[in-house]
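Only the coordinates and a few stated rules stand behind these numbers; no lab work does. The shown structure was predicted, so the numbers you read here are calculated from the model rather than taken from an experiment.
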Ligand code: NAD
């Protein structure tokens, strides 16, 4: 069966994605050859993005975070756009993402489960006041609330638990999908990667540049670029221009 056949015959698609979904928007992933983990830092990125590092070295955390984790100029690519069109056309139930960049919502997706939070939500650790991403981007040193508290991004750092409601919504969506598309993820960050095990539908589709542990269990595997692969499929929407 071709991917086009699978998508044509699907009525409740769920998309499970990772950092590779946004590389075509110019945001580096973690584990590709040109990903963040291959760049040289005195402290490894997975340590800098941990809760213990955040509290012990807050200023250094924010230096790294501002430089590498706040791609505020990035635009949705053909993958984000196609998924939003499928949701509007009633073909896609939900997007479950490990990304924190907000590009699915920027493309128009409504039901998005952000397993690792979002750079677009930030709050004061003392009084709870909310701040937008540009407040963090434009701050110097440690971003401070008017009350003096530290403003922390609502992104899930290593050592922190995922939000329970988000987990439940994501698992419920995956469990009720007829087709699950897994894309742009090395499936090495847990517990997020384990959520694909809840899929009970007909077609497990994988679109990932590098091989993953899931490849051999899939109905369809592509090692192409996710934006190119999804962009080549129909939008299922008569009123919209095809972006590809
Ligand atoms: P990862 O870096 O571990 O793996 C990315 C995978 O995507 C790789 O296997 C790579 O081959 C593949 N890939 C890269 N570009 C691709 C493309 N155009 N088309 C198809 N495949 C492509 O990413 P992960 O599994 O998501 O885990 C990394 C963690 O880092 C996640 O938890 C995520 O929260 C975070 N992260 C997020 C962003 C973001 O929000 N954009 C960016 C970097 C890291």
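Couple of notes before you dig in:
- Relative contact order [Cα under 8 Å, 6+ residues apart], the range 1-154, whole percent: 21
- Rounded tilt (10° steps) of 78-88 against the dominant C-alpha axis of the chain: 70
- Acute angle (nearest 10 degrees) that the helix 58-68 long axis makes with the longest principal axis of the chain, alpha-carbon atoms: 40
- For the range 164-206: rounded, prolate or oblate by the Cα gyration tensor [a/c cutoff 1.5]: oblate
- Three-way shape call for the range 97-142 based on the alpha-carbon gyration tensor, with the a/c threshold at 1.5: prolate
- Relative to the longest principal axis of the Cα atoms of the chain, the long axis of helix 164-175 lies at roughly 10 degrees.
- Mean projected area (nm²) of the alpha-carbon convex hull when the chain is viewed from all directions: 13.2
- What separates the Cα centres of the range 119-136 and the range 218-233 is a distance of 36 Å.
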